[in-house]
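**Student:** This is the structure, below, for whatever I ask next.
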Amino acid sequence: MSDEPKWRTDFPIRWEGDNYTTRREFTKFLVLASGATFLGNGYFVVKRLDQQREEHPTVDVASVGEVPVGGVKLFRYPTEDIPAVLIRLGEDEYVAFLQRCTHLSCPVHYIRERERIECPCHNGVFDARTGRVVEGPPPRPLPRIRLRVADGRIQAEGIMPA
Ligand code: FES
């Protein structure tokens, strides 16, 4: 019977330096792997910050009073192919969201009686004040559009980070 350790018979790879390099090589591997992980995470953090800083246009949506309390106005934001909805929740209370469900992008609708935004596709429900998910499969809140009211006009001027 061989007097070599069992691991050597299980893994019969011969290498001249295999007795001397294990600890050093493993430490080197850990340092490199940690560095790569750190750099990878840093890249995603910087990318995310860049996305949040992304410039959005200022778009005129409606005049104050054009939408009745409890009413909505559909518009496009931040580009012409993205539907959005302005909701007048109260006398001086306006909110706006992208109109695409965060589940599979079906158009969502404001339901005044329940003060909710609902998705007909898979019964997703969002809070009409915050856009947060109340029920159903949507994984994220509705992206909320930053509004500014100035000189009797309501303007969209960005999308808030989720
Ligand atoms: S697409 Fe809205 S719940 Fe599925």
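**Student:** In segment 133-142, what count of residues is obtained for those that are open to solvent by 40 Å² or more (accessible area, probe 1.4 Å) and either assigned to a loop (DSSP other than H, G, I, E, B) or of a type in the set (D, E, K, R) (or both)?
**Tutor:** Residues flagged as open to solvent by 40 Å² or more (accessible area, probe 1.4 Å) and either assigned to a loop (DSSP other than H, G, I, E, B) or of a type in the set (D, E, K, R) (or both) within segment 133-142 amount to 6.
**Student:** Sticking with this structure for a sec: Just to be sure I understand, how many residues within segment 148-162 are among the aliphatic types (A, V, I, L, M) and either surrounded by fewer than 17 Cβ atoms within 10 Å (Cβ to Cβ) or closer than 14 Å to residue 105 by Cα (or both)?
**Tutor:** So the count comes out to 4.
**Student:** Please enumerate the residues belonging to segment 122-132 that are surrounded by fewer than 15 Cβ atoms within 10 Å (Cβ to Cβ) and within 6 Å of the ligand (Cβ to nearest atom).
**Tutor:** Within segment 122-132, just 122 meets the criteria.
**Student:** On to the next question. I'd like to know if segment 76-86 contains one or more residues that are within 16 Å of the ligand (Cβ to nearest atom), assigned to a strand (DSSP E or B) and more than 17 Å from the chain's Cα centre (by Cα).
**Tutor:** Yes, segment 76-86 contains a residue that is within 16 Å of the ligand (Cβ to nearest atom), assigned to a strand (DSSP E or B) and more than 17 Å from the chain's Cα centre (by Cα).
**Student:** A follow-up question, please. What are the residues in segment 93-121 that are within 7 Å of the ligand (Cβ to nearest atom) and part of a strand (DSSP E or B), if any?
**Tutor:** Within segment 93-121, 119 is the sole residue that qualifies.
**Student:** For segment 110-136, which residues satisfy the criterion of being out of contact with any strand residue (DSSP E or B) (no Cβ under 6 Å at 6 or more places or on another chain) and not β-branched (Val, Ile, Thr)?
**Tutor:** Once the filter is applied, which keeps residues that are out of contact with any strand residue (DSSP E or B) (no Cβ under 6 Å at 6 or more places or on another chain) and not β-branched (Val, Ile, Thr), segment 110-136 yields 112, 113, 114, 115, 119, 120, 121, 122, 123, 124, 129, 132.
The values are calculated or read from the model by the stated rules, or taken from the named source; none is laboratory data. Owing to the predicted nature of the structure, the values given are computational and were not obtained by experimental measurement. Heads up, the Cβs are rebuilt from the backbone with ideal geometry, glycines too, and the neighbour counts pull from every protein chain shown. What goes into the accessible areas is simple: the full protein's heavy atoms, side chains included, and nothing from ligands, DNA or RNA. Shrake-Rupley method; radii C 1.70, N 1.55, O 1.52, S 1.80 Å.
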